[in-house]
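Colleague: Pasting a structure here, questions to come.
The values are calculated or read from the model by the stated rules, or taken from the named source; none is laboratory data. Just so it is clear, the model here is predicted, and its values are computed rather than measured. Using ideal geometry, Cβ is built from the backbone for each residue, glycine included, and neighbour counts are taken over all protein chains shown. Surface areas here come from the heavy atoms of the whole protein model, side chains and all, with no ligands, DNA or RNA. Shrake-Rupley method; radii C 1.70, N 1.55, O 1.52, S 1.80 Å.
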Amino acid sequence: MTFGEQPAYLRVASDLREKIANGSLPPHTRLPSQARIREEYGVSDTVALEARKVLMAEGLVEGRSGSGTYVRERPVPRRIARSGYRPVSGASPFRQEQAAEGARGTWESRSEQEPASVEVAERLGIEPGERVMRTRYVYRDGGEPMMVSTSWEPLAVTGRTPVMLPEEGPLGGCGVVERMAAIDVVVDNVVEEVGARPGLAEELLALGGVPGHVVMVVERTYYASGRAVETADVVVPADRYRIAYHLPVR
């Protein structure tokens with residue numbers, strides 16, 4: 001193979017990908033069989049199989065038990081607005097952002113205490129094993145799961161206070177900034193790092209994805225005078241949503 005030449009399986013995958021993109025292979029159409037690919041492109045069974053694997057890994061096709069491999073319907077990506085924290089309004093950031101986009105969002109959550117893992121402890125600047133309140137969320141838009149989130153708050157900050165449970169009490173459902181302000185903790189900075197990875201099994205189950213689908217992960221941490229008071233992982237299906245940031249110019 002000369003420099004710059006693609007392996008045969010990538011060339012086959014590229015051609016099939018183009019057919020999917022231009023509508024020659026529309027959604028719900030059965031992908032050509034391994035034998036058909038072999039004959040049409042003059043390649044081996046191994047090459048045909050690898051090309052199909054590429055398309056499956058990219059989320060363009062999906063296997064149906066006992067039926068074959070079919071072209072997936074490609075949703076038009078929708079926006080999820082991110083804008084850091086906002087002035088006190090009594091609403092969580094998710095509720096504010098949904099309102100700004102004209103959407104009707106709902107969510108369900110569950111909170112429980114646990115010892116901080118090494119990773120969570122590092123993000124919060126505490127010792128591994130210190131107690132934190134972990135809250136898991138599933139957010140929906142029109143009934144469709146749109147993102148899942150797990151947050152951790154050190155009980156050294158919120159324990160034995162009215163805001164110990166993020167979704168219960170007088171400030172249940174409010175954002176981190178408002179809840180912390182109620183216990184005289186002033187949030188003055190928030191950091192978000194965005195990355196991508198294959199979704200974990202439990203994430204994809206909640207989001208309605210299939211194994212191999214890629215998710216975007218927003219790793220968010222709120223700080224008060226340099227001390228982390230909450231950290232969270234916000235997980236969004238990469239094929240269905242785009243994250244849009246609104247950054248004010250100062």
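Colleague: Which of (1) 120; (2) 144; (3) 191 is the computed volume of the Cα convex hull per residue in Å³ for the structure on display?
Modeller: Working out volume of the Cα convex hull per residue in Å³ from the coordinates points to (3).
Colleague: Please compute the length gained on full extension between Ser65 and Lys53, using 0.36 nm multiplied by the number of residues separating them and subtracting their Cα-Cα distance.
Modeller: On the way: separation 12, 0.36 × 12 = 4.32 nm, distance 1.57 nm.
Between Ser65 and Lys53, full extension yields 2.8 nm more.
Colleague: Convert each backbone phi in the stretch 123-133 into a coupling constant with the Karplus relation 6.51 cos²θ - 1.76 cosθ + 1.60 (shift: θ = phi - 60°), then list the ³J(HN,Hα) values in order as whole Hz, x for Gly and Pro.
Modeller: Once rounded to whole Hz, the list reads 5, 8, x, 10, 7, x, x, 5, 6, 10, 9.
Colleague: On to the next question. Residue-wise, which Karplus ³J(HN,Hα) couplings in Hz belong to the stretch 105-113, taking 6.51 cos²θ - 1.76 cosθ + 1.60, θ = phi - 60°, and x for glycine or proline?
Modeller: x, 9, 8, 10, 8, 8, 10, 7, 7
Colleague: A further question follows. Label-point separation (nm) for Thr161 and Glu130, each offset 7 Å from Cα along Cα-to-Cβ?
Modeller: Going by the 7 Å Cα→Cβ label model, 1.4 nm.
Colleague: What angle, in degrees between 0 and 90 and rounded to the nearest 10, separates the Cα long axis of helix 8-22 from the longest principal axis of the Cα atoms of the chain?
Modeller: Compared with the principal axis, the helix lies near 70 degrees.
Colleague: Largest first, what is the accessible-area ranking of Ser151, Ser14, Ser24 with a 1.4 Å probe?
Modeller: Details: Ser151 5, Ser14 50, Ser24 75 Å².
If we order Ser151, Ser14, Ser24 from most to least accessible, we get Ser24, Ser14, Ser151.
Colleague: Same structure again: What angle do you read, to the nearest 10 degrees and between 0 and 90, between the alpha-carbon axis of helix 45-57 and the longest principal axis of the chain?
Modeller: Relative to the chain, helix 45-57 is tipped by roughly 30 degrees.
Colleague: Whats the longest run of the chain with zero GluC sites (Glu not before Pro) that are DSSP loop and have at most 11 other Cβ atoms within 10 Å? Provide the component values of the computation, followed by the final result.
Modeller: Values: sites that count: Glu5, Glu73.
In the chain, the maximal stretch lacking such sites is 74-250.
Colleague: Here is a further query. Once neighbouring chains are kept in place and the probe is 1.4 Å, which whole percent of the accessible area of the chain is contributed by carbon and sulfur? Don't skip to the answer; put the middle values down first.
Modeller: Details: 7200 of 13700 Å².
C and S atoms contribute 53 percent here.
Colleague: Taking 0.36 nm per residue of separation and subtracting the Cα-Cα distance, what length does fully extending Val210 through Arg227 add? Don't skip to the answer; put the middle values down first.
Modeller: Details: separation 17, 0.36 × 17 = 6.12 nm, distance 3.79 nm.
Extra length from Val210 to Arg227 when fully extended: 2.3 nm.
Colleague: Among Val190, Gly23, Val71, which residue has its Cα positioned farthest towards the positive end of the charge dipole of the chain, with +1 placed on the Cβ of Lys and Arg, -1 on the Cβ of Asp and Glu, and the dipole taken about the Cα centre?
Modeller: Gly23
Colleague: Only helical DSSP H runs with n ≥ 4 go in: add -39500 (n - 2.57) per run for the chain, normalise by residue count and round the 222 nm mean residue ellipticity to 500 deg cm²/dmol.
Modeller: For the chain, the value works out to -7500 deg cm²/dmol.
Colleague: Let me ask another. Let me spell out the model: positive unit charges on the Cβ of Lys and Arg, negative unit charges on the Cβ of Asp and Glu, origin at the Cα centre of the chain. What dipole size does that give, in debye rounded to 20?
Modeller: Dipole magnitude for the chain comes out near 720 debye.
Colleague: If you add up the charges near Thr158, with Lys and Arg at +1 and Asp and Glu at -1, over every other residue whose beta carbon is less than 10 angstrom from its beta carbon, what do you get? Don't skip to the end; give the middle numbers.
Modeller: Details: positive: Arg160, Arg179; negative: Glu153, Glu230.
Overall, the nearby charge balance is 0.
Colleague: How much net charge surrounds Thr231 when only the other residues with a Cβ under 12 Å from the Cβ of Thr231 are counted, with Lys and Arg +1 and Asp and Glu -1? Walk me through the numbers before you get to the answer.
Modeller: Details: positive: Arg123, Arg134, Arg220, Arg227; negative: Glu119, Glu122, Glu153, Glu192, Glu193, Glu219, Glu230, Asp233.
Around Thr231, the surrounding residues sum to -4.
Colleague: Report the relative contact order of the stretch 97-250, percent, no decimals, based on alpha-carbon pairs under 8 angstrom and at least 6 residues apart.
Modeller: Values: 292 pairs, mean separation 30.9, N = 154.
Once divided by the residue count of the stretch 97-250, the mean separation gives 20 percent.
Colleague: Kindly report the accessible area of the chain per residue (heavy atoms of protein chains, probe 1.4 Å, no ligands, DNA or RNA), in Å². Please list the in-between numbers first.
Modeller: Numbers: 13700 Å² over 250 residues.
Per residue, the chain has 55 Å² of solvent-accessible surface.
Colleague: Within the stretch 1-72, which chymotrypsin sites (Phe, Trp or Tyr not before Pro) sit in a loop by DSSP and count at most 16 neighbouring Cβ atoms inside 10 Å? Walk me through the intermediate numbers first.
Modeller: Working: sites: Phe3, Tyr9, Tyr41, Tyr70; in loops: Phe3.
Taking the stretch 1-72 and a limit of 16 other Cβ atoms within 10 Å, the loop chymotrypsin sites (Phe, Trp or Tyr not before Pro) found are Phe3.
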